[in-house]
Amino acid sequence: MKEYQVDLTSVFSADEFHARLGEVIPLPSHYGKNLDALHDVLTESKDWKLTFSSTTEAEVTMGKYMASLRRMCKAAMEENPSLQVEFL
């Protein structure tokens, strides 16, 4: 299993989120930098464990976006049984 940890410390916007994500996980060159594009990446991944840390801070600064991220990750895990996503 490939494990990736995305530290959301000092991430204050969706653009910063996707930039940080790109530093950690292998994203295709055509990645659309939105949650729909991330959903596609996650549902196509094989044996990934993705951990988001410092989510309490991110939820304060990006509340609705983080809620959407959590919902999308839950849906992606339902579609892809080899995917694990944690929020710490």
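Observations on the structure shown:
- Selection from 27, 61, 72, by position along the positive dipole direction of region 2-87 (Cβ): 72
- Mean separation of Cα pairs under 8 Å and 6 or more residues apart, divided by the residue count, gives region 2-87 a relative contact order of 40 percent.
- Pairwise FRET efficiency - residue 78 versus residue 53, Cβ, R0 = 30 Å, nearest 0.05: 0.85
- The stretch between residue 2 and residue 36, if pulled fully straight at 0.36 nm per residue, gains 10.1 nm over its current Cα-Cα span.
Throughout, read-outs are computed from the coordinates displayed, never taken from laboratory work. Bear in mind the structure is a predicted one, so any value in this text is a computation, not a measurement. In this analysis, Cβ positions are derived from the backbone assuming ideal geometry, glycine residues included, and neighbour counts consider all displayed protein chains.
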